[in-house]
1. Can you put T137, T222, T73 in order, fewest other beta carbons within 10 Å first?
2. At 4 °C and a viscosity of 1.567 mPa s, what translational diffusion coefficient does Stokes-Einstein give for region 94-154, taking Rh as the Kirkwood radius over Cα pairs? Give it in µm²/s as a whole number.
3. How many Å³ per residue does the convex hull of the Cα positions in the chain occupy?
4. Counting pairs of alpha carbon atoms under 8 Å apart in space and at least six apart in sequence, what relative contact order in percent does the chain give?
5. Of the listed peptides 108-119, 49-60, 168-179, what is their order by residue-averaged count of other C-beta atoms within 10 Å, with the highest listed first?
6. Just to check I understand the Karplus step: with θ = phi - 60° and J = 6.51 cos²θ - 1.76 cosθ + 1.60, what whole-Hz values come out for region 51-67, glycine and proline as x?
Amino acid sequence: MTTMTEAVLEAVDIDAGYGGTIALRGFAVRLVPGRITCLLGANGAGKTTALGAIGGWVRPRAGSIRLRGQDVTNRRADARVRAGLGVVPEGRQLFPDMSVAEHLQLASRVVDNGHPIDYVLQMFPVLRDRAGQSAGTLSGGEQQMLAIARAVVQRPAVLLLDEPSLGLAPLIVGSVLHTARRIADAGTPVLLAEQNASLALRWADDALVLENGRVVLRGSPTDIGRDLRLREAYLGSDSTGSDSDRSPA
C-alpha cells in the first residue's frame, strides 16, 4: 500500500532516444502524492522524450520505471494507462468530430475502475456545459481542459502533462495550471513538462531543468528561479512574476 511518503512513480537512470540518437541520459524523477514536479528546458532539451519514456511511447535504452510498486519499464503505453498512468499529450490529440461526452466515454472504457463521467464533468464545469459539443468547435483552452478530463476519467495514480501552454493565451494557461494544482492537491502527483518556466514555477512544488538530455538543475521552484543560469536561459525578463499570477482565469 502506498503511503504519503512513498513514490507513486519513480524513474531511475533512464537513457532514451530515437533511432540511433540518445536524447535523454541518466534521467531520474520521483513523484509523490500531492505535488507538482515541473520539467523545464528549451526545445530539444529532452522534456518530451522523458515523458515518452515514462508514458511508454519511447522505449528506454537503460534504467527502470516503477509505478505503484510495479516495474513498468518494458510495458506498452496502454498497459501503463491501465496500471494507473494518466497522459495529457502535447497538442491535445483530440478527435475533432467526437463530442466531449464521447471522448470521456471512450477513455473510460480503457480502464476498469475509472471515475463516472458525470463526476468528471462536475470537476470541469465548462465541459459540462458543452458535453454534446464536438471537440473541434471548442476553444483552445476548452480543448486542453478536455484533454485533461479525458485522462482524469481514468482515475490515474499519476498524471503526465506535456506542454499545456502550447498555443494558449497566458490567462488561459493559468486556468489550466490551476486545474493541475487541484488534481495534485487531491492526491495525484503531476509531472508537468513546460517551456513557460516563469509560469510553471509558480504552481510547482519541485522542479528539474533539462539541457541536452541531462538534468542540470534540480530543487525547489524558489531555488531554481533564483539560479542565474536558469533565469538567463529559460526565464527571460519575466523571471520574477508575482504570486498574483497564480490566480485562475
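1. Details: T137 13, T222 9, T73 20.
Ascending number of Cβ neighbours within 10 Å: T222, T137, T73.
2. Details: Rh = 11.1 Å.
Rounded to a whole number, D works out at 117 µm²/s.
3. Details: hull volume 29.6 nm³, N = 249.
Normalising the Cα hull of the chain by residue number yields 119 Å³.
4. Numbers: 514 pairs, mean separation 63.3, N = 249.
Relative contact order for the chain comes out at 25 percent.
5. Numbers: 108-119: 13.9, 49-60: 22.2, 168-179: 18.8.
Going from most to least packed, we get 49-60, 168-179, 108-119.
6. The phi angles translate into 5, x, 5, 6, x, x, 9, 10, 7, x, 8, 7, x, 9, 9, 10, 10 Hz.
Values in this text are rule-based calculations from the coordinates and carry no lab data. Treat the numbers as computed from the prediction; the structure is a model and nothing was measured. Cβ atoms come from the backbone with ideal geometry, glycine included; neighbour counts cover every protein chain shown.
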